[in-house]
Amino acid sequence: EYAPPVASLRSQVSAALAKRPELRSREALLEAARLDTEATVKGPLIPDLSLRANTGALGGGQGGQTGDFNGSSDFMIGLGWHIGPGGLFDTARTATAQTMQDQESLLLEKGRQQVTREVLEGIARVRSIDARLTLTRKLLEATEKAYQLSRQRGETQVGGVLETLRAEEDLSFARLAYFELVANCNKAQANLRRACGG
């Protein structure tokens with residue numbers, strides 16, 4: 001049987017959505033946009049840390065002597081937040097990142113709908129060609145039977161030769177139509193397999 005049963009439509013669409021590489025790529029881009037949005041929101045909250053130490057060992061002295069500032073040392077630890085572009089309250093950057101995430105989400109959904117449409121169209125096409133193939137196969141069998149009967153009558157009747165030639169021509173056209181349909185069915189199945197990620 002060429003066409004899948006109706007019960008497997010959902011499973012074929014699900015399999016295609018799981019296998020198609022362009023959707024995997026879109027999902028990765030969406031995840032990157034989500035992480036960028038998260039970074040623009042949470043990143044400015046992380047302070048800059050600075051450490052400084054002065055031990056006084058390089059103090060100057062009298063007459064070329066070195067001094068040490070009498071053993072004094074200074075240590076400093078600082079935390080700072082950047083305010084403005086790239087820092088706290090940078091609403092434009094946050095809005096831009098959120099817009100990019102929304103855009104990637106829409107593109108992913110559009111891709112999913114495209115894949116679903118391709119799979120459903122492929123299944124419908126295969127089923128349609130399969131039904132036509134069944135009818136053409138019956139037509140071919142009937143044409144072959146008519147040809148055999150015409151040959152038998154042609155042996156006993158005078159006008160039978162012309163009838164046999166006509167039946168042979170009909171048989172040739174029926175075979176040609178059948179083979180064209182088989183080729184179209186193969187092409188439709190290949191397109192369906194590609195749409196399903198295979």
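The values are calculated or read from the model by the stated rules, or taken from the named source; none is laboratory data. The model shown is predicted, which means the values in this text are computed figures rather than measured ones. In this analysis, Cβ positions are derived from the backbone assuming ideal geometry, glycine residues included, and neighbour counts consider all displayed protein chains.
Structure summary
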| quantity | calculated |
| --- | --- |
| Residue within segment 151-172 that is closer than 30 Å to A16 by Cβ and either touching an Asp or Glu at 6+ places or on another chain (Cβ under 8 Å) or assigned to a helix (DSSP H, G or I) (or both) present | no |
| Filter result for T156 (without any contact (Cβ under 8 Å) to a residue 40 or more places away in the chain, over 30 Å from P47 (Cα atoms) and among the β-branched types (V, I, T)) | yes |
| Conditions (1) at pLDDT 95 or above; (2) surrounded by 13 or more Cβ atoms within 10 Å (Cβ to Cβ): number failed by L176 | (2) |
| Filter result for P4 (assigned to a loop (DSSP other than H, G, I, E, B) and either modelled with pLDDT of 90 or more or of a type outside the set (S, T, Y) (or both)) | yes |
| Selection count where residues are of a type in the set (G, A, S), at pLDDT 95 or above and surrounded by 14 or more Cβ atoms within 10 Å (Cβ to Cβ), scope segment 77-102 | 1 |
| Residues that are touching a residue at least 24 places away in the same chain (Cβ under 8 Å), more than 13 Å from A16 (Cα to Cα) and of a type in the set (D, E, K, R), drawn from segment 89-120 | D90, R93, E104 |
| When residues of segment 29-57 are limited to those that are of a type in the set (D, E) and surrounded by 11 or more Cβ atoms within 10 Å (Cβ to Cβ), the one farthest from A95 (Cα to Cα) | E31 |
| Subset of segment 78-88 (residues that are without any contact (Cβ under 8 Å) to a residue 24 or more places away in the chain and either under 19 Å from G197 (Cα atoms) or assigned to a loop (DSSP other than H, G, I, E, B) (or both)) | G84, P85 |
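Residue-by-condition table, conditions (1) touching a helix residue (DSSP H, G or I) at 6+ places or on another chain (Cβ under 7 Å); (2) at pLDDT 85 or above; (3) at negative phi:
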site	(1), (2), (3)
Q12	yes, yes, yes
A16	yes, yes, yes
E31	no, yes, yes
L45	no, yes, yes
S50	no, yes, yes
A57	no, no, yes
Q65	no, no, yes
N70	no, no, no
